[in-house]
Structure formats: C-alpha cells, structure tokens
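A short worksheet on the structure shown next.
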C-alpha cells in the first residue's frame with residue numbers, strides 16, 4: 001500500500017523523507033515500536049525481582065501495541081474489500097496465522113510449556129492474536145468509514161467487552177474488541193494529525209511525560225494490575241468489580257493515547273540507518289517470539305546477575321539486536337514464502 005508523504009510547515013520539524021513510495025517516518029515508527037515489543041517480552045521474566053523493571057514493563061505495554069495498531073489502522077484506510085485487497089488480506093494475514101499458530105504450538109510442546117496443547121486455529125497462541133485481530137479489523141473497515149461517530153462506537157464496544165467474560169478465548173475476541181478503538185482511531189487520522197504531533201512544542205513535552213509515566217507506574221506496580229493494558233481479560237477475570245471494566249477501558253485508552261502521541265512525536269522523520277527495517281517489522285514480530293519463549297526453556301535467565309539492573313539492560317539490548325536482525329532484508333527473503341506468500345496458484349485470474 002503506497003504511503004502518503006507528510007509535509008511540514010517551515011517552522012516545524014523537517015518533512016519526513018519518502019523513498020521508493022515509503023514514508024521514512026512511519027517505517028521508523030514501526031521499527032522502534034517492534035523493538036519495544038521485543039524488549040517488553042524480554043523483560044517479562046525479570047518483573048518479579050525488580051519493581052523498576054515492572055514499572056518500565058508497564059509503561060512499555062501501555063503504548064507499544066497501541067502505537068503499532070494506530071499505524072496499522074492509518075494504513076488500512078484504503079481497504080475497500082476489492083478482490084486484490086482481499087487477496088492481500090489472505091496471503092498477508094491468514095496464511096501467516098495458520099503457519100505460525102501451528103509452529104508456535106509445536107514449539108510450545110517441544111519446550112514443555114504446554115506439552116499436551118493441541119494445534120487449534122481457534123485459540124491464538126502468544127503473538128498470533130494480532131494477525132487474527134488485524135484480519136477482523138480490516139474486514140470491518142468499510143463499516144467504520146461509513147458510520148458517523150466511529151471512535152465513540154468502538155470505545156463503547158471495548159467497554160462492553162470488559163463486562164462479558166463469556167466471550168472466551170475463541171480467536172482471542174476479547175483482545176480484538178478491547179484493542180479495536182486504537183485501530184478505528186488510526187482509520188480516522190489524517191496526515192495533518194501526524195504533522196501536529198511532530199511540532200517542536202510536542203517533542204519538548206514528550207520526554208517529561210514519559211518520565212512522569214515511569215514515576216506513576218513505579219507507584220502503581222504494587223497497587224494495580226498491569227494486565228489492564230493487555231486488554232485480553234474481562235473485569236471479572238481480573239478479579240475486579242464489573243463497573244471498573246468500562247472505567248478502566250477509558251482510563252487505559254487515555255493513558256495509552258498520551259504515550260502514543262509522545263512516542264510518535266519523538267520518532268525521526270528523516271531516513272535513518274534503521275528505516276529500511278520498518279518494512280520488515282512483521283517478520284521481527286512473528287519470529288522473535290521463538291527466542292523469547294525459548295530463552296526461558298534454555299535457562300538464559302538463570303544466572304543471578306540477569307536479575308539485577310545490569311541484567312535488565314543487557315537483556316533489553318540483546319532483544320533489540322535480535323529483532324533488528326530479524327527485520328533485515330536477508331531474513332525477509334528466507335521467510336517471505338510464509339509471511340508474504342504470493343500464492344498465485346490459489347486465486348482465479350480476473351477476467352476483463
């Protein structure tokens with residue numbers, strides 16, 4: 001899907017560079033977001049030993065997937081259900097889901113985490129929920145583009161989902177419904193909104209906001225469950241009263257949007273050394289999970305020093321380096337057959 005160039009006024013930050021139909025700003029944003037996803041997964045086993053790591057983990061989880069989903073929604077605005085777009089939906093989401101859901105299930109069995117888990121395409125495992133959710137969100141894009149107040153409707157759906165523990169785990173529908181407002185917000189955004197975020201005044205305030213978020217998270221770690229930011233459980237499943245579900249949906253949405261705005265304001269708009277990696281973030285997302293899961297099985301977290309501040313720093317850097325490698329063109333060439341297959345043999349040729 002071609003990306004539209006964002007221009008900026010002379011008094012604002014330089015206009016994002018566009019190379020070969022791609023916008024450097026969005027490629028940079030996607031790469032930095034996937035680095036945070038990998039770092040968050042790497043820090044997960046270290047949370048029990050450090051309140052600081054738990055606070056950092058909570059802040060990262062408050063905005064990294066929302067940022068990814070907002071950008072995904074922004075670039076889904078042109079989805080119209082045409083044959084070509086439906087084909088790309090099947091080859092770019094359904095096929096990778098089937099392949100990686102099966103692969104993660106077999107990997108989970110091999111690492112003895114769930115040795116009896118059956119291969120089921122109805123119960124997304126680990127990272128694969130995003131593929132299912134994005135598939136459903138994109139299919140509903142024409143609806144959100146037609147209704148008059150899409151974001152309030154999506155927020156209402158997310159709030160009501162927290163009241164329904166009976167939704168269950170089928171296709172991870174609970175998470176798809178609770179993350180829906182971020183996708184719909186992306187559909188509603190226009191280039192000028194991103195220009196506003198990249199103003200100098202916004203960038204100046206972004207760092208203090210992140211510092212305040214870390215302080216608040218440090219205070220909140222022993223007082224509230226960070227699972228609210230996972231958006232995968234109802235209020236009842238989190239042991240909270242029903243009325244808190246809709247309320248926490250709005251609170252989490254507000255907090256996440258503030259941090260997403262700060263994150264995007266700090267993303268460079270010019271071409272960087274990692275810009276080219278933005279086109280391969282789905283590869284990094286799907287592949288890094290095997291190492292994140294296997295690290296526990298292989299005992300990489302066993303050394304005592306890993307549980308300290310230095311260990312958390314090293315783990316984060318290693319996770320960033322690994323996901324960076326997984327986004328590179330050589331890795332993409334190897335795995336393109338399962339992540340972005342063409343599958344011309346599986347579709348009818350269109351007749352004029």
Practice task
Please give, to one decimal in nm, the separation of the simple spin-label points placed at residue 204 and residue 78, each 7 Å out from Cα toward the Cβ.
Solution key: 3.7 nm
Practice task
Calculate for the chain the 222 nm mean residue ellipticity that helices alone would give, adding -39,500 (n - 2.57) per DSSP H run of length 4 or more and normalising by residue count, nearest 500 deg cm²/dmol.
Solution key: -19500 deg cm²/dmol
Handout entry: Efficiency of FRET between residue 149 and residue 52 - r from beta-carbon atoms, R0 45 angstrom, step 0.05
Key = 0.65
Practice task
Give the peptides 183-190, 315-322 in descending order of average Cβ contacts within 10 Å, highest first.
Solution key: 183-190, 315-322
Problem - Likely footprinting exposure, 192, 340, 101, fewest C-beta neighbours within 10 Å first - result: 192, 340, 101
Problem - At R0 = 30 Å, FRET efficiency that the Cβ-Cβ distance of residue 318 and residue 192 yields, to 0.05 - result: 0.15
Practice task
Compute the Rg to Rh ratio over the chain from the alpha carbon atoms, using the Kirkwood formula for Rh, and round to two decimal places.
Solution key: 0.95
Handout entry: Highest-fluctuation residue, 66, 246, 83 considered, GNM on the chain with Cα pairs under 10 Å
Key = 83
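Stretched out fully, how many nm does the piece from residue 270 to residue 212 gain, at 0.36 nm a residue minus the Cα gap?
Working it through step by step, the gained length comes to 18.1 nm.
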Practice task
Can you pull the one-decimal nm distance between simple spin-label points at residue 243 and residue 227, each 7 Å off the Cα toward Cβ?
Solution key: 2.2 nm
Fill in the blank from the handout: Length-normalised contact order of segment 141-242, Cα under 8 Å, at least 6 apart, in percent, tallies to 39 percent
Fill in the blank from the handout: Each label sits 7 Å from Cα toward the beta-carbon; between residue 347 and residue 305 the label points are separated, in nm, by 5.2 nm
Problem - Potential lengthening between residue 116 and residue 338 on full extension [0.36 nm per residue; Cα-Cα distance subtracted] - result: 77.4 nm
Practice task
Could you work out the relative contact order of segment 18-346, using alpha carbon pairs under 8 angstrom and six or more residues apart, expressed as a whole percent?
Solution key: 33 percent
Problem - segment 195-267: relative contact order in percent, alpha carbon pairs under 8 Å with at least 6 residues between - result: 59 percent
Exercise for the section: Whole Å is fine, so just give me how far the alpha carbon centre of segment 265-327 lies from that of segment 65-135. Expected result: 20 Å
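No value in this document is a laboratory result; all are computed from the given coordinates. Quantities reported herein were computed from a predicted structural model and do not represent experimental measurements. In this analysis, Cβ positions are derived from the backbone assuming ideal geometry, glycine residues included, and neighbour counts consider all displayed protein chains.
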